[in-house]
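Just so you know, all these numbers are worked out from the coordinates, no wet-lab data involved. On a predicted model such as this, the values are computed, not experimentally measured, just so you know. Virtual Cβ from ideal backbone geometry, glycine too; neighbours counted across all protein chains shown.
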Amino acid sequence: MFQTQPPTPTPAPRWEPHVIRRRGRSGSVGIVERQYAHFDTPLPLRSGAVLPRFTLAYETYGTLNADRSNVILICHALSGDAHVAGYHTDDPGERPGWWDDAVGPGKLFDTDRYFVICSNVIGGCQGSTGPSSPAPDGKPYGSRFPLLTIAVLLPLQPHDYWWYLRLGKDVLESGAVPAADTYSWIQAGQPIVYQSWLSAAIFWLAYKTGGIPLTMALAAALIGSTYALLWLTMREGGAGARLSALLIFLAGLSGSSNWSVRPQLFGYPLFAAALWILLKWHNAANCNKRGWEIWLLVPLAWAWANLHGSFVLFFILVGIAFIFGAGDRKKLFWAALASLAATLLNPRGFVLWESVIGTFTAPGIRDLSPEWLPPLNQGWQMNLFFAWLILLAPLAAFARRRLSAFEWILFLAFSWLALTGIRYVIWDLFIVSILTAFLMPEAILKRFDGAAGAAIPSLNYALGFLFLLAPLALLPGLRESWWKESPPALDPVTTPAAAADWLNQHPELPSPMWNDVVFGSYLIHAVPSRPVSMDTRIQVVYTAEQARDYLFVQAAQDGWEEKLEDQGVNLLFLARTQPALVEAVKHSSAWREQYQDEVALIYSRREPLP
């Protein structure tokens, strides 16, 4: 993930298929073992640093076939680990791997057919080399371990961003939000609800105006405004500026894996704003204030409903406030009713609500996206999150003030959500950080913000200016002027820019096209004339059966050519990360190579199907 070139394979590890010992526990792969691959060759990182040697922890599931063509590599989030499925012990209380519902015999990643590998990311501290590992001098790397640096330095990952860019362009050019899928040919014409159409339009305007640099600046602004609002809420609750800044820093560290450029970013500042408004409404009863801010909820609800499906969290916040809050309930009732009506002011009306609820309740959602799975206390980010949850209760026992029923229910409700799904962790961190600021004992407040540490205004302004200038200087398009070896703006492994440009110059090649699913998002944007076979809209468009068909072809299982023939496929847009299929296509007489580079390969059928 952070490699600029692969290490010299000396010695190359052998992925042994002996790990599965037995099945059991309702279709699980059973007991599995963590294994380790040791590399004595240097690993260059995009930051410019080099690890002289490194270790990868990994687990495997299933049986490797004779020609090694049935391999599937599963990646995890930065805070995750290699334990995808099964159990490490016979303890009946042990939780299974984080994607046990999807990996196993007869499941989405069928271990009766595929040999599945997952390795722990470098720096993940779950067996692979990281800060706690010994450096060449024998001491732990600690703070010397190469950092991933701030968000603006990371290349823009494909994921959902690129197809949202195409959607925004189509919305603004046509003046309407598409109601049927036109981006893929296997789902062409099927009804679709684009909940985040407004986010897509904003992404497109930013990209059209300033390209990737302005896009990254927009993402930084959304993240920055979120934590600024949290800081303001802490300050109004009585916490000092320095303590509030420290808590914001910790919350940002723990939740930074959720900062990728996608529509959910727009929901973060809106959530923080709703919290600020409702807490002011709640406290207005004790301060004899009018609480006019409550009416800001109405435009906030409208914007959120058109920006991202997470707007349902807005009504969870309002509902908790209405039942347990101390403010003027009559005023909140009418504001909430107006807010509900405002959410219906969208291109699909009440259908938007049906779509959002359908996404949350879809029976196969956990099979298709690990974001919906419960978090595990693995990786430093999750360690910080779980420790924070545990420490909040004893902190409340010795607090300078008592939490109200409203604040306790906020904590309990969103912590429960966070423990049921990884995607909710960042929202809970917003609440937990604010409540921690409210609960800090006087001794800690004085230590951080007491008179002994009196501020120097000119120094504060200077530091603030530098903190603002640094991210701007590191934006792509600017950093190249002073940093010769700066990281690329786009992920070179998952963004087939050159291959897409070549394909645009050859409209004579026949369709339909079968493509790598990760490439699909970029191809929707970069090659609009050719619908894709599949892309990253797994939760929005495609079915579990279509995902299984994709995996069948990608693994080059017996019958892969027949599957493509049945679908009428005439063109293949493959990734170098699909070695089994690439090798099978090279040895097939039915396909002719048209293009290749270090990222992608394009093949056309020698005898096109009608």
key: C-alpha center-to-center spacing [region 509-588, region 201-227] in angstrom   = 31
Packing-based ranking, highest mean first, of 576-583, 299-306 given that Cβ atoms within 10 Å are counted = 299-306, 576-583
remark   = Descending packing, highest mean Cβ count within 10 Å first, for 227-238, 197-208 is 197-208, 227-238
ask   = How large is the dipole of region 188-319 about the Cα centre if only Lys and Arg carry +1 and Asp and Glu carry -1, each at its Cβ, rounded to the nearest 20 debye?
value = 160
query = What value does region 482-610 have for Rg/Rh, both radii from Cα atoms and Rh as Kirkwood defines it?
reply = 0.98
note = The local net charge around residue 196, scoring Lys/Arg +1 and Asp/Glu -1 for residues other than residue 196 whose Cβ lies under 10 Å from its Cβ, equals 0
key: Simple label model, 7 Å out from Cα along Cβ direction - residue 179 to residue 235, nm   = 4.8
request  = Quote the FRET efficiency, to the nearest 0.05, computed for residue 249 versus residue 400 with a Förster distance R0 of 30 Å and r equal to the Cβ-Cβ distance.
outcome  = 0.90
key: Cα→Cβ-extended label distance, 7 Å offset, between residue 412 and residue 260, nm   = 3.5
request  = Give, in nm to one decimal, the length gained when the segment between residue 350 and residue 481 is fully stretched (0.36 nm per residue of separation minus the Cα-Cα distance).
outcome  = 42.2 nm
inquiry  = With the alpha-carbon atoms as the only input, what is the per residue convex hull volume for region 496-570 in Å³?
reply    = 92
query = Where Lys and Arg each count +1 and Asp and Glu each count -1, what net charge lies around residue 88 among other residues with Cβ under 11 Å from its Cβ?
reply = -3
inquiry  = As an exercise, find the ratio Rg/Rh for region 175-273 from alpha-carbon atoms, using the Kirkwood inverse-distance average for Rh.
reply    = 1.12
ask   = Can you give the FRET efficiency for residue 228 and residue 33, using 1/(1 + (r/R0)^6), R0 = 51 Å, r = Cβ-Cβ distance, to the nearest 0.05?
value = 0.65
Using a Förster distance of 35 Å, the FRET efficiency for residue 577-residue 91 (Cβ separation, nearest 0.05) = 0.45
